[in-house]
Amino acid sequence: MNDIHETIKDIKSKFRLFMNGTVSQSLRDKGMKYKVIFGIEYPRLKEIASAYKPDHALAQALWKEDIRECKIMAGMLQPAETFYPEITEMWMDDMSCPELAEYTVMTLFQRLPYASEVVFRWIADDREYFRLCGFLLMTRLLANDLKLDERAEAEFTDQAFAAVEGDSAWIKRAASASLCKLALQSRMQAKKMMKLLGPLQKSEKPEVAAAAREIKNEIEYSL
């Protein structure tokens with residue numbers, strides 16, 4: 001435990017070398033409520049993390065710090081094989097900003113051996129960060145060529161379209177991205193998605209119609 005304490009002290013000393021007050025204040029202005037925000041950008045954090053070996057105890061200790069950069073780095077240093085589902089849920093319960101959800105899905109959640117098993121449970125969950133992580137994860141899995149059978153595809157698109165019509169801008173954006181990734185797996189999928197988007201483009205809610213048009217335009221642009 002003393003070794004972990006010393007390692008975290010060493011990591012924080014490197015954070016101080018690269019702290020950016022302007023970025024830190026900008027992140028606070030956007031609503032981030034960490035006790036400490038060093039304002040270090042992702043590429044630099046990745047470079048700092050590369051000096052340390054992945055370690056379960058270290059990653060868990062970093063996550064417990066109320067420091068933006070520690071939490072982001074925790075996902076980088078957490079071995080996937082010791083990150084059990086119950087720990088995943090504890091981390092999602094502890095999230096307080098979409099940025100952290102995006103980075104943690106990218107650095108850790110998509111590497112989990114059970115990712116394709118939990119993703120449907122997450123997108124159907126009532127808790128905001130479970131749903132957000134679910135759609136972010138689905139986007140990554142589909143980009144890595146996850147194939148959905150007919151039933152799974154129907155379940156996913158039902159949840160995603162409900163999210164596009166929902167109130168959370170972040171979940172709406174993540175759901176839209178995941179729908180695009182499914183559509184771009186094949187021309188047949190693209191045609192099916194275009195057909196499904198038809199009614200949404202005529203929605204009486206301007207923001208829903210706009211989101212549907214954005215998805216359609218993204219698919220057309222990428223084909």
| request: Please determine, by comparing only the residues of segment 8-41 that are in contact with an Asp or Glu (Cβ under 7 Å, 6 or more places away or on another chain) and not hydrophobic (A, V, I, L, M, F, W, C), which one is most open to solvent (accessible area, probe 1.4 Å). | output: K35
| said: For segment 137-166, give me each residue that is surrounded by 14 or more Cβ atoms within 10 Å (Cβ to Cβ) and not in a helix (DSSP H, G or I). | reply: L146, L148, E165
| field | Of the criteria (1) under 22 Å from R140 (Cβ atoms); (2) part of a helix (DSSP H, G or I), which one Q185 fails | value | (2)
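Each row is one residue, and each column tells you yes or no for (1) in contact (Cβ under 8 Å) with a residue 60 or more places away in the chain; (2) closer than 23 Å to G134 by Cβ; (3) in contact with a Cys (Cβ under 9 Å, 6 or more places away or on another chain).
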position: D3; (1), (2), (3): no, no, no
position: I11; (1), (2), (3): yes, no, yes
position: S26; (1), (2), (3): no, no, no
position: A115; (1), (2), (3): no, yes, no
| query | Any idea how many residues of segment 17-72 are farther than 16 Å from L108 by Cβ, β-branched (V, I, T) and out of contact with any strand residue (DSSP E or B) (no Cβ under 8 Å at 6 or more places or on another chain)? | reply | 4
| query | Restricted to segment 117-155, and to residues that are among the aliphatic types (A, V, I, L, M) and under 10 Å from the mean Cα position of the chain (by Cα), which residue is nearest to L179 (Cα to Cα)? | reply | M138
| said: Quick check on segment 78-136: of everything there that is surrounded by 20 or more Cβ atoms within 10 Å (Cβ to Cβ) and touching a His at 6+ places or on another chain (Cβ under 9 Å), which residue is farthest from E150 (Cα to Cα)? | reply: Q78
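The values are calculated or read from the model by the stated rules, or taken from the named source; none is laboratory data. Everything numeric here is computed off the predicted structure, so don't read it as measured data. All Cβ positions, glycine included, derive from the backbone under ideal geometry; neighbour counts span all protein chains shown. When the accessible area is computed, the model is the full protein with side chains, heavy atoms only, and any ligands, DNA or RNA have been set aside. Shrake-Rupley method; radii C 1.70, N 1.55, O 1.52, S 1.80 Å.
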